[in-house]
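Here the structure comes first, spelled out in structure tokens, and everything after it is commentary.
Derivation of every value follows stated rules applied to the coordinates shown; laboratory data play no part. Not measured: the values here are computed from a predicted model. Cβ coordinates were reconstructed from backbone atoms using ideal geometry, including for glycine residues, and neighbour counts include every protein chain displayed.
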Amino acid sequence: MVDVILPVLNEAEAIPWVLDRIPAGYTPIVVDNGSTDGSGDIARRHGAQVVRESQPGFGAACFAGLTAATADIVAFMDCDASLDPGELLHVTGPVDRGEADLVLGARRPVSRAAWPTHARLANAVLARQLRRRAAVDLRDLGPMRAARRTDLLDLAIQDRRFGWPLEMVLLASRAGWRIAEVPVTYHPRVGRSKVTGTVRGTVRAVRDMSAVLS
């Protein structure tokens, strides 16, 4: 069994498609981080466990989902239909088989619209800094990832904003984890992007991640 943590902020349009594609044996935990469009109610009607997190921030939502999870393996992914839940099987597989401790989905965009140039460049810069400073051979800090729940809790990730994904990798590297990447398909998101689809959102994410690196 795998718990899938899905941070959500106003993703009413995408939620049905995402939840309907969750693989058998995978339990969706939708963390509603202050939605005003009924996202939580829609997720509940589609069979997800819904957790409400009042503290704003991507990391706060991820941490709330992690503490609510009970499965041995947990996965994280965006809930905007940019990632296909069917590919969770490829991301969780190496963890389940004991081949890796943390697996990230390296995004392969289907079109330019899926991954705007400014967001792709920012990701490349951060990944390069990560390779140089932490000797972690990653090409993407992708939002689809998997690890064992208790191991993640033991990392004691502190960031509650957009630095959460980067801090996870840094702490895992320091702890001697085996970190791997597998390719996943990246589609244009459904609805308006709050982060990578806007220059302002990308700058905010880079700022938070740079703070973690420093």
Looking at ALA124, ALA106, ALA135, ALA113, which one is farther than 23 Å from ASP84 by Cα and either surrounded by fewer than 15 Cβ atoms within 10 Å (Cβ to Cβ) or touching an Asp or Glu at 6+ places or on another chain (Cβ under 7 Å) (or both)?
ALA135
Any chance you could count how many residues in segment 131-162 are among the acidic types (Asp, Glu) and in a loop (DSSP other than H, G, I, E, B)?
3
Every pair of residues 6+ apart whose Cβ atoms lie under 6 Å, when the first sits in segment 71-98 and is on the phi > 0 side of the Ramachandran plot while the second is in a loop (DSSP other than H, G, I, E, B) and surrounded by fewer than 22 Cβ atoms within 10 Å (Cβ to Cβ):
ALA81/ALA14; ALA81/VAL190
